[in-house]
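*Asks:* Structure incoming, see below.
The values are calculated or read from the model by the stated rules, or taken from the named source; none is laboratory data. From a predicted model like this one, the values you see are computed outputs, not experimental measurements. As a convention, Cβ positions derive from the backbone with ideal geometry for all residues, glycine included, and neighbour counts pool all protein chains shown.
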Amino acid sequence: MTPLETGLPGWQVALWTVVIITLSAFFVAVEFALMAAKPHRLEARATTASGRAAVKNAAELTLLLAGSQLGITVCTLALGAITKPAVHHALTPLLAATGLPVAVADVASFVLALVIVTFLHLVVGEMAPKSWAIAHPEDSSVLLALPMRAFMFVARPLLIAMNAAANWLVRRAGAEPVDELSAGQDPAGLRHLIEHSANVGALDARYRASLTTALQLRDQTVEDVLPEGQELAAVGVDATLADVQAVTRDSRHLRVLVRDGERTVGVVHVRDTLSEPDLGRPARDLVRPVVTLPVGTGLATALTRIRQARTQLAVVTDTDREVGVITLEDVLPGLMPAAIVEEEPA
């Protein structure tokens with residue numbers, strides 16, 4: 001076999017081409033697999049060496065991306081240095097034999113060699129492994145983790161330098177680089193997904209408002225749901241159980257605040273007074289602790305605090321001043337379906 005332009009026999013050129021494209025496919029698959037993989041799913045598979053290596057790769061995302069890009073770039077340059085000149089050299093005499101002038105045959109073979117090598121690299125070395133990795137992100141991440149860790153171990157000093165330079169450019173652009181993917185969607189992304197799903201008919205319209213309202217809990221505080229013009233059901237610190245029952249009859253509230261001036265010291269549930277034979281007993285004897293929440297407390301935190309206290313009510317404060325009371329009834333309706341749309345009879 002006649003040596004080609006690269007100085008290698010044709011079989012060696014073919015072998016090196018297969019090796020280079022395979023390596024390119026490997027780096028592309030590693031990159032897209034880890035971008036598509038869910039961190040919690042990788043952690044669930046950390047019972048093997050490959051699984052633990054995949055978790056480590058996920059924790060060094062920017063470093064792994066630098067390694068993947070370095071590998072892909074080297075493979076591209078290698079194809080340009082070995083395969084393209086060999087294909088160019090092989091095609092030139094074939095085209096010249098068709099009667100084309102040597103100069104035209106040389107240019108045409110150069111273009112054809114570029115097209116062939118680019119096609120092989122894009123389709124076999126990039127698009128196919130990318131599609132496979134995206135379709136099986138966790139499987140491919142675990143399968144390719146150990147070889148990638150070995151490559152990163154060898155190239156780590158260069159990768160760290162490249163990553164530091166890239167992070168410096170990112171910071172100069174006003175953003176903060178991250179080393180690993182977020183475990184979930186942000187509220188804005190989820191809202192967009194809900195809107196899109198409802199618009200294309202994939203999500204029942206009656207659940208759209210409820211899901212959107214639930215997402216808004218992340219941004220809302222107790223001040224946002226605090227009822228205006230509240231008339232608090234309250235008794236003084238010296239009140240009796242009879243006073244508590246009287247306030248309940250007038251206000252229809254089952255929970256009555258016990259207040260010492262402008263300060264709430266606790267709450268009495270009227271149910272606790274029904275089994276007491278002596279209604280002249282001081283209400284403070286049956287008082288329960290009350291949850292106090294600043295106006296800026298997020299609703300999710302407020303719900304957690306109220307649930308942990310096993311109560312239904314919390315006092316909302318602005319600095320040292322009490323501004324109202326919030327109950328579960330003020331929050332939970334927003335989490336329930338806004339309206340169940342009944343189907344019209346046919």
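*Asks:* Which one of 233, 239 is modelled with pLDDT under 85, among the aliphatic types (A, V, I, L, M) and buried (at least 16 other Cβ atoms within 10 Å of the Cβ)?
*Replies:* 233
*Asks:* Hey, can you tell me all the residues within region 36-75 that are among the acidic types (Asp, Glu) and under 13 Å from residue 151 (Cβ atoms)?
*Replies:* Our first condition is that a residue be among the acidic types (Asp, Glu); within region 36-75, this holds for 43, 60.
If the condition is that a residue be among the acidic types (Asp, Glu) and under 13 Å from residue 151 (Cβ atoms), then 60 is the only one that fits.
*Asks:* Right, here's the next one. Within region 95-147, which residues are of a type in the set (S, T, N, Q) and in a helix (DSSP H, G or I)? Before you say what the answer is, go through the steps one by one.
*Replies:* Start the filter on region 95-147 by keeping residues that are of a type in the set (S, T, N, Q), which leaves 98, 109, 118, 131, 140-141.
109, 118, 131, 140, 141 - these are the residues of region 95-147 that are of a type in the set (S, T, N, Q) and in a helix (DSSP H, G or I).
*Asks:* Since residue 98 meets every condition but one in (1) free of Cβ contacts under 8 Å to residues at least 60 places away in the same chain; (2) farther than 20 Å from residue 10 by Cα; (3) touching an Asp or Glu at 6+ places or on another chain (Cβ under 7 Å); (4) among the hydroxyl-bearing types (Ser, Thr, Tyr), which condition does it not meet?
*Replies:* (3)
*Asks:* For residue 117, all conditions in the list (1) of a type outside the set (Lys, Arg); (2) within 22 Å of residue 166 (Cβ to Cβ); (3) surrounded by 19 or more Cβ atoms within 10 Å (Cβ to Cβ) hold save one; what is the number of the exception?
*Replies:* Going through (1) of a type outside the set (Lys, Arg); (2) within 22 Å of residue 166 (Cβ to Cβ); (3) surrounded by 19 or more Cβ atoms within 10 Å (Cβ to Cβ) one by one, residue 117 breaks only (2).
*Asks:* With the condition kept exactly as written, say whether any residue in region 2-14 is farther than 15 Å from residue 137 by Cα, among the hydroxyl-bearing types (Ser, Thr, Tyr), modelled with pLDDT under 90 and surrounded by fewer than 17 Cβ atoms within 10 Å (Cβ to Cβ).
*Replies:* yes
*Asks:* May I pose another question? So if I check each of 175, 97, 150, which one is exposed (fewer than 14 other Cβ atoms within 10 Å of the Cβ) and at pLDDT 90 or above?
*Replies:* 150
*Asks:* Moving to a separate point now. Could you figure out which of (1) of a type outside the set (D, E, K, R); (2) under 23 Å from residue 141 (Cβ atoms); (3) crowded, with 16+ Cβ neighbours inside 10 Å isn't true of residue 17?
*Replies:* The single condition residue 17 does not satisfy is (2).
*Asks:* Can you say whether residue 245 is modelled with pLDDT of 70 or more and exposed (fewer than 15 other Cβ atoms within 10 Å of the Cβ), as far as the supplied structure shows?
*Replies:* no
*Asks:* Identify the residue in region 238-291 that is polar (S, T, N, Q) and out of contact with any helix residue (DSSP H, G or I) (no Cβ under 9 Å at 6 or more places or on another chain) and, among all such residues, is nearest to residue 323 (Cα to Cα).
*Replies:* Let us first name the residues in region 238-291 that are polar (S, T, N, Q), namely 240, 245, 248, 251, 264, 273, 275.
Keeping just the survivors that are out of contact with any helix residue (DSSP H, G or I) (no Cβ under 9 Å at 6 or more places or on another chain) gives 251, 264, 275.
Values: 251: 19, 264: 11, 275: 32 Å.
The residue in question is 264.
*Asks:* When region 301-311 is examined, which residues are found to be part of a helix (DSSP H, G or I) and crowded, with 17+ Cβ neighbours inside 10 Å?
*Replies:* Scanning region 301-311 gives 302, 303, 306.
*Asks:* Now for a separate question. Return a yes/no flag: does region 175-182 have any residue that is assigned to a helix (DSSP H, G or I) and out of contact with any Lys or Arg (no Cβ under 8 Å at 6 or more places or on another chain).
*Replies:* Checked against the condition, which is being assigned to a helix (DSSP H, G or I) and out of contact with any Lys or Arg (no Cβ under 8 Å at 6 or more places or on another chain), region 175-182 yields no hits at all.
*Asks:* Is there a residue being in contact (Cβ under 8 Å) with a residue 60 or more places away in the chain, surrounded by 12 or more Cβ atoms within 10 Å (Cβ to Cβ) and not in a strand (DSSP E or B) anywhere in region 312-330?
*Replies:* yes
*Asks:* Exactly one of these conditions fails for residue 289: (1) surrounded by 19 or more Cβ atoms within 10 Å (Cβ to Cβ); (2) over 17 Å from residue 247 (Cβ atoms). Give me its number.
*Replies:* Exception for residue 289: condition (1).
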